[in-house]
1. For residue 42, work out the one condition from (1) in contact with a helix residue (DSSP H, G or I) (Cβ under 9 Å, 6 or more places away or on another chain); (2) open to solvent by less than 40 Å² (accessible area, probe 1.4 Å); (3) over 25 Å from residue 144 (Cβ atoms); (4) not acidic (Asp, Glu) it doesn't fulfil.
2. Could you list, in sequence order, all residues of segment 69-79 that are surrounded by fewer than 20 Cβ atoms within 10 Å (Cβ to Cβ), closer than 22 Å to residue 128 by Cβ and in contact (Cβ under 8 Å) with a residue 60 or more places away in the chain?
3. Scan segment 92-120 residue by residue and report those that are open to solvent by 20 Å² or more (accessible area, probe 1.4 Å) and of a type in the set (A, V, I, L, M).
4. Considering each residue of segment 72-108, count those that are in contact with a strand residue (DSSP E or B) (Cβ under 9 Å, 6 or more places away or on another chain) and either at positive phi or in a loop (DSSP other than H, G, I, E, B) (or both), and give that number.
5. For segment 154-209, what are the residues that are among the hydroxyl-bearing types (Ser, Thr, Tyr) and at pLDDT 90 or above?
6. Here is a list: 239, 251. Which entry is outside any strand (DSSP E or B), in contact with a strand residue (DSSP E or B) (Cβ under 9 Å, 6 or more places away or on another chain), touching a residue at least 24 places away in the same chain (Cβ under 8 Å) and open to solvent by 30 Å² or more (accessible area, probe 1.4 Å)?
7. Which of the following residues is open to solvent by 30 Å² or more (accessible area, probe 1.4 Å) and either of a type in the set (Val, Ile, Thr) or touching a His at 6+ places or on another chain (Cβ under 6 Å) (or both): 257, 275?
Amino acid sequence: MHVTRINLKTDKDMKKREGLINFCLKGEIKYVAIGWSHIYGTREIKNYRDYYDIVKESEKRNGKRINSALNTFLDTKADDLFWTRDLDGMYWICRAKGEAIPKCDKELDIGAVVPVEGYLVGLEVPGQISGSFNRVNGGIKQSLDKEKEIVEYSKYMFNSRAGRNVYEVKKMEGGLLNNLSSFDLEELVISYLQIAKGYYVLSNSIAKRSTTINVECEFRSRRKEYLQKAVVQVKSSRYSGVLDALSFKQYINDGYIVYLYAPKVENADKMKNCIQITDEELMTFYKNNKSILPDSITKWENLIKE
C-alpha cells in the first residue's frame, strides 16, 4: 500500500480552492482530486487511463513533463492512504475506496478523483507529515512510503478515526525516543527546556531544516532575576556521527548555555556551560508532562511494543 501527501489545489483562485475543498472533504461522498480539466472535450474519456494519456500528450506538446500526481493517481489502489489539509490548516486522513476515475468540473478545475473514506484528524500530526505540506516547491503530492513509521502511524490513525481495524498495524521496537522522527524529537526536547528548565523559545531563531545553522533554536530565561540565554542541538537515534561539544565553543564564549541531545556526545565535560540531556531526563519529563504534550508526540506510544 501507498501513503501520500496531497495538496487539494487545482487553481490559484482562493474561492475556487475553497469550493474544491468543500467538494472533496465536506460532502457525504469524499474525494481527493487533481486538475487538468481543460483536456475534456478534446477526445472521449471513458476511464482514468484515457484521461492520463490525453493529459500526458497535452503536456508534451507544451514542452512540459507529466506531473507526478498523475502517476500517483494511476497507481492508486483500494486501501492506499492519503493525507491532505483543509483551509483551516486541519489535517485529514483518507482511505482510497478504489482506483482513480475521470470527473470533469471546469469551474473547480477537477479532472480526476479518487473516492475516499476521509476523517478529520486535527492540527497535531507528526513532523514528517506537517513538514511535507510546508516544503518550498513541494508540489501537488509527496510520497511518504519510505518512512515505515509514518506508514504505521497513518494506518493507526485511520483505524482510530474510523472506529474499526481496517489495517493491521505493526508495532515498533526500541522505545519512544528511538522511534520519534527528528521533527518530533526536537519538539519534545524544546518542550523540555521550556517547561522543565524555565526558558521560552525565540520563534524567529528556529532553524527551519537549515543545513548551515549549528543549533535548532535559541532560548531566553523566563525569570527576570536570571537573565540567561541558551541554544540546543538535537540528533535522533538515526544519527550515526558524534556530536562534539567543542564545535559549540563560540556560543559559550558569547554567554549561552549549550544543551545537547544525541546518541553520542563527546567533550561535554570539558566545556563550561555545556549540558548533555540524557534519555532518562527526557523520558521522566515525558511521563510527568504527557497530558500537556502534543498528540504528534504522545500518539506514538500506541505504536511502540511494550
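1. Single failed check for residue 42: (2).
2. 75, 79 - these are the residues of segment 69-79 that are surrounded by fewer than 20 Cβ atoms within 10 Å (Cβ to Cβ), closer than 22 Å to residue 128 by Cβ and in contact (Cβ under 8 Å) with a residue 60 or more places away in the chain.
3. 101, 108, 120, listed by residue number.
4. Final tally of qualifying residues: 13.
5. 154, 156, 160, 167, 191, 192, 199, 200
6. Every option except 251 fails the conditions.
7. On the way: 257 fails: open to solvent by 30 Å² or more (accessible area, probe 1.4 Å).
None of the other options fit; the residue is 275.
The values are calculated or read from the model by the stated rules, or taken from the named source; none is laboratory data. Small disclaimer: the values here were computed from a predicted structure and weren't measured. Every residue, glycine among them, receives a Cβ derived from its backbone with ideal geometry; neighbour counts consider all protein chains shown. Just so you know, the surface numbers come from the protein's heavy atoms only, side chains and all, with ligands and any DNA or RNA stripped out. Shrake-Rupley method; radii C 1.70, N 1.55, O 1.52, S 1.80 Å.
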